[in-house]
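The values are calculated or read from the model by the stated rules, or taken from the named source; none is laboratory data. Since this is a predicted model, take the numbers as computed values, not measurements. With ideal geometry, Cβ positions are generated from the backbone for all residues, glycine too; neighbour counts draw on all protein chains shown. We work out accessible area using only protein heavy atoms, side chains counted, and drop any ligands, DNA or RNA first. Shrake-Rupley method; radii C 1.70, N 1.55, O 1.52, S 1.80 Å.
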Amino acid sequence: MTKKATVEELKTIGKSVLTDIKNVDIPKLVIPMRSTSNLVFDKNNSCYVLGNKTLIRSGGNIRHIKKLAQFLKVAAFCKDLVKGEKRHVTKRELYYISESWGPNLKFNEQPESDDIIEDIEASLSKPSEDIKIIPNPKGAIYGNITLRFKNPKGETMVINCLNTADGQQIGPRTAEAEFVKTDADKVIAIETGGMYNRLIEENAHEKFNAILINLGGQASRSTRRIIKRLNEELKLPVYLFVDSDPFGMHIAMVIKSGSAKSAHINKRLATPPAQWLGVTASDIIQYKLKTDKMRDLDIKRIKELQNDPRYKNNKRLQKELTIWLKLGKKAEQQALLKYGFKFVVEKYLPEKFRELKAPGFR
Amino acid sequence: MNEEKNAEYFAKQQKEISVSEFFEKNKHLLGFDNPTKALLMIVKEGVDNSLDACEEAGILPNIEVKLKNIKNNIFRVSVKDNGPGIVKNQIPKIFGKLLYGSKFHRLRQSRGQQGIGISAAVLYAQLTTGNPIKIWSRTSKKSKVHYFELFIDSTKNEPEVVKEESIEIKKFPAGHGTLIELDVSGRYRKSQGVKEYLKETAIANPFAKIVFHAPDGEKMVFSRSVDRLPKQPKEINPHPHGIELGILIRMLKNTKAKTVASFLKNEFSSVGTKSANEICKLAKIKKTLSPKNFTRTDVENLLRGMQQVNVQRPPLDCLSPIGSKELKKSLEKHYPDAETIVTLTREPSVYRGNPFQIEVGIVYGVGKKESQIKIMRFANRVPLLYQAGAGAVVEAVKNIGWKRYGLQQSGNNLPTGPMVLVVHMASSWVPFISESKEAISTYPDIIKEIKLAVQTCARDLKIFINKKQKAKREEKRLHIFENYFPLILESASQLAEEEPNDLKAPMELLLKKIGKKIGEENDKKSNS
């Protein structure tokens, strides 16, 4: 079981330090380096992963010793969380919990504790959720899918996501829930809460036989994790419905290929087969959408994306990036409402599904 | 008004201003400007005389100073030494005649240059309390103790002996010595004045033992840190470049020389036949002119010639510095808690024809870190306690960039730090900025020498401060490791689910190993 394996891996780290001390050797930890110089593009999975470079946290180095001690303290704290099963802790919470660890171990700013968590993730090659450190729950899932999970009391719960008001919030327990049953044949992941709500109210889930996921902007790890599992375990194709601007595109791309920041765990989070549905740059022209002028930052971002190895060979994306640059304009998902509430489910999405040869539209 | 009477009258008036009257009116000039300082001056005259007497006789001085408050503001001051004693018939003249034995014609490094003389102390006593000075003196075990009580007849400037006898009294264990006792009005302050003066005197005279009984019952013993007397300073003739008009006039008046050339040759240093002729040529005076026949103009011309002539510098072996080693020993004794002590005696130098020599001591690690450094000034081994902000020493110290030497300094102020700076000027003639003789004149040659001496010491201090900071850094670093290792052991044990207790001993060994490593790294850094 992974839980037991995680505990064992953590114990091994502790033991290596104790052995060093026993032998009167300076204790040290070897941790995969997370800096950009150690990012490698994994062509097979088309995402960034960490290379072979490592860094050493040595107990003999004045600049390392605090981080070494904090690493061990956080690791020990998380090991107990894993064994305890019940609790998850957010990064912010951990930062505040450290207040009780005394002046030498406590974190002065959250980036310090986040950094240690990422070191532990990298050492274990596991996302922090595995050691019970979770991001703030963000994102929701709605549609005809039945999930089984344990609630914080340890009781087994079974729910169908249709039997919720606004969808099931995706936290650490939902992300790892067992998929019991679903009739859906696709997943639509939506950038904004507004459009997600629109699709629920317009009955998109039934109409397209789809599971709807609210990303709420940049997707949280739990959300990315459940999208990956839906794709991998249930073989459901994933469609990414985002704003028509480079940032919307980037949100889509992080779900597809992972982020640089989580390179050490991208393999567990990225969903390479996921497809960018729109809103595309061409859609702006085709549907004469209301636009905003691109800012310098948007332009800069497009140029970066044009050179990003993850998107370099994707002709469709490259074409759309060029159109954006030419237009100098961007549009939000909500711009589609110019044609009424139903337009998006009756016209826009069906056309997109046909174009992308989605199940039910072939 | 009668014209004749007028001139005569005033001339007479001027003559009749008595010494005591002058003294009364000019107390401040002579250092008696306030009661605290007055008490100090009395002690100072007594102690300076005792030290000079012992030194000249080759005796290691034992000096005992007692202050007793006999009634409001009235103190009985007694100073006893183990010096050679004073011959009976000399006693009244030494104590009862102002300016007796004055040293106008001899140039010699001596304490006496700086006071107004013990007779002024006697006068001050009789002016403020009406009591005579009491003197006990013994020259050898074979003779009896001479006892005197005397006043100064201030109109005649002559001693007025009140009582005189030869007695058997066991006051001098060495068999010789002098004891004086004066009743004066004054004020005793614990923090300044007499006590500080005696302490500093002990520092600059490490061969002397000084015992002090304060009026509040406190007894202080400054024991000697050196058991050898300094070499005796030699008397030298004045140098032509260092002479002043008044002194030249007096010398001309008193000389036995028949011609100006022989006067110059005999009574000045560094002047031979050639130089004497050269001076006369420059002064446009016949070298055969008799000193007795000099007019005022002749004297002025002669002085100019003396200043212009190119002659050798005066002999420099006439000085008697404290000595770098001796000063260090002395400071170590007085500041046992000092972190480091650096001392230096410079080679002798010359200002305006006067040989002088600068000595410096730096005591680091005493006093408050945040306050300005303490400066101790000495002239011919005598502490200068007043006018602390004036004179060549302060001028020189302010003009040094102290930051370079590891001390704080804002602008051209005195630096800040836990430091005492000792500066001693030994000279056959110390120039003071005023008659009260409390600060050394700011001649560029003197400032330059002081600056060089202080800077040399400060360089050594800087090396020490660097070392200290390095050690502090090392300690700080080790402290961090000492803080974190137990935490690492604890967390790692918790993580591994093992008992930490067996590992405490290896952890201590590990910390020692790291401590050693830190030291080596630090050495490497400072070597590279």
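Tabulated data for the structure shown
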{"item": "B:Asn89-A:Lys3 pseudo-label distance in nm [points 7 Å out on the Cα-to-Cβ vector]", "result": "12.1 nm"}
{"item": "Chain A: DSSP helices with Cα axial extent of at least 24 Å and average Kyte-Doolittle hydropathy no lower than -0.5", "result": "A:2-22, A:65-84"}
{"item": "Geometric extent, Cα atoms of the stretch A:209-274 - Rg, Dmax (angstrom)", "result": "11.1, 35"}
{"item": "The protein assembly as shown: antiparallel DSSP beta bridges as a percent of all, rounded to 5", "result": "80 percent"}
{"item": "DSSP-defined antiparallel bridges as percent of all bridges, the stretch A:153-254, nearest 5", "result": "0 percent"}
{"item": "Approximate spin-label separation A:Lys43-A:Ile62, in nm, with each point projected 7 Å along Cα-to-Cβ", "result": "4.8 nm"}
{"item": "Gyration tensor (Cα) of the stretch B:403-528, equivalent ellipsoid semi-axes in angstrom", "result": "55, 14, 11"}
{"item": "Cβ-Cβ FRET estimate between B:Lys403 and B:Arg189, R0 fixed at 25 Å, reported to 0.05", "result": "0.10"}
{"item": "Accessible-area composition of the stretch B:240-308, carbon plus sulfur, in percent [1.4 Å probe]", "result": "51 percent"}
{"item": "Projected-area average for the stretch B:466-527 over all orientations - Cα convex hull basis, square nanometres", "result": "4.4 nm²"}
{"item": "Whether the stretch B:240-308 is rounded, prolate or oblate, judged on the alpha carbon gyration tensor where a/c under 1.5 counts as rounded", "result": "rounded"}
{"item": "Accessible carbon and sulfur surface of the stretch A:2-134 relative to its total accessible area, %, 1.4 Å", "result": "48 percent"}
{"item": "Share antiparallel - DSSP beta bridges, the stretch A:1-143, percent rounded to 5", "result": "80 percent"}
{"item": "Model label zone, A:Lys181; criterion: amide N under 20 Å from point 7 Å along Cα-to-beta-carbon; scope the stretch A:201-227", "result": "A:205-207, A:209-212"}
{"item": "Fraction of accessible area attributable to carbon and sulfur, the stretch B:466-527 (%, probe 1.4 Å)", "result": "52 percent"}
{"item": "Members of the stretch A:21-48 that become less accessible by 40 Å² or more once partner protein chains are added (1.4 angstrom probe, chain alone as reference)", "result": "A:Ile21, A:Lys22, A:Val24, A:Ile26"}
{"item": "Area projected by the alpha carbon convex hull of the stretch B:20-222, averaged over all directions, nm²", "result": "11.2 nm²"}
{"item": "Distance in nm between pseudo-label sites at B:Asp153 and B:Glu300 (7 Å out along the Cβ direction from Cα)", "result": "4.1 nm"}
{"item": "Shape of the protein assembly as shown, Cα gyration tensor, a/c cut at 1.5", "result": "prolate"}
{"item": "Average accessible area per residue (Å²) across the stretch B:20-222 - probe 1.4 Å, nucleic acids and ligands excluded", "result": "42 Å²"}
{"item": "Stokes-Einstein D for the stretch B:280-403, Kirkwood Rh over Cα pairs, 4 °C, 1.567 mPa s (µm²/s)", "result": "70 µm²/s"}
{"item": "Solvent-accessible area lost in complex, 40 Å² minimum, residues of the stretch A:102-149 relative to chain alone, 1.4 Å", "result": "A:Asn104"}
{"item": "Length-normalised contact order of chain B in % [C-alpha pairs under 8 Å, at least 6 apart]", "result": "12 percent"}
{"item": "Geometric extent, Cα atoms of the stretch B:324-464 - Rg, Dmax (angstrom)", "result": "14.1, 41"}
{"item": "For q = 0.08, 0.09, 0.13 Å⁻¹, Debye-computed log10 I/I(0) when each Cα of chain A counts as one equal scatterer", "result": "-0.45, -0.57, -1.07"}
{"item": "Mean shadow area of the stretch A:269-328 over all directions, Cα convex hull, nm²", "result": "4.8 nm²"}
{"item": "Pairs of Cα atoms farther than 25 Å apart, the stretch A:1-153, %", "result": "38 percent"}
{"item": "Relative contact order for chain A, counting Cα pairs under 8 Å that sit 6 or more residues apart, in percent", "result": "14 percent"}
{"item": "Positive-end extreme of charge dipole, chain A - chosen from A:Gly171, A:Asn45, A:Met249 (charges on Cβ)", "result": "A:Asn45"}
{"item": "Length gained when the stretch B:Glu339-B:Glu482 is fully extended (0.36 nm per residue, less Cα-Cα span)", "result": "48.8 nm"}
{"item": "Three-way shape label, the stretch A:140-355, alpha-carbon gyration tensor, a/c 1.5", "result": "oblate"}
{"item": "Accessible area buried between chains B and A, both sides summed, probe 1.4 Å, in Å² to nearest 100", "result": "2700 Å²"}
{"item": "Solvent-accessible ranking of A:Lys15, A:Lys126, largest area first, probe 1.4 Å", "result": "A:Lys15, A:Lys126"}
{"item": "Chain lengthening between B:Glu474 and B:Ser166 when straightened (0.36 nm per residue, less Cα-Cα)", "result": "103.8 nm"}
{"item": "Largest-first ellipsoid semi-axes for the stretch A:182-300, taking √(5λ) over the Cα gyration tensor eigenvalues, angstrom", "result": "23, 20, 11"}
{"item": "Most fluctuating residue given options A:Gly51, A:Gly14, A:Gly278, as computed from a GNM of chain A linking Cα atoms under 10 Å", "result": "A:Gly14"}
{"item": "Ellipticity estimate at 222 nm from DSSP helix runs (n ≥ 4, -39,500 (n - 2.57)) divided over chain B, nearest 500", "result": "-13000 deg cm²/dmol"}
{"item": "Rel. contact order, % - alpha carbon contacts under 8 angstrom, at least six apart, the stretch A:2-134", "result": "25 percent"}
{"item": "Choice from A:Lys207, A:Lys256, A:Lys91 with maximal GNM fluctuation in chain A (Cα, 10 Å cutoff)", "result": "A:Lys207"}
{"item": "Accessible area expressed per residue, chain A, with surrounding protein chains retained (probe 1.4 Å, Å²)", "result": "45 Å²"}
{"item": "Mean residue ellipticity (222 nm) of chain A, computed from DSSP H runs ≥ 4 via -39,500 (n - 2.57), nearest 500", "result": "-12000 deg cm²/dmol"}
{"item": "Extension reserve of the B:Arg228-B:Thr456 stretch, reckoned as 0.36 nm per residue once the Cα distance is removed", "result": "79.4 nm"}
{"item": "Calculated FRET efficiency for the pair B:Leu511/A:Glu304, C-beta based, R₀ 60 Å, to 0.05", "result": "0.75"}
{"item": "At 1.567 mPa s and 4 °C, Stokes diffusion of chain B via Kirkwood alpha-carbon radius, µm² per second", "result": "48 µm²/s"}
{"item": "GNM top mover of A:Thr174, A:Thr182, A:Thr223 - chain A, alpha-carbon springs below 10 Å", "result": "A:Thr182"}
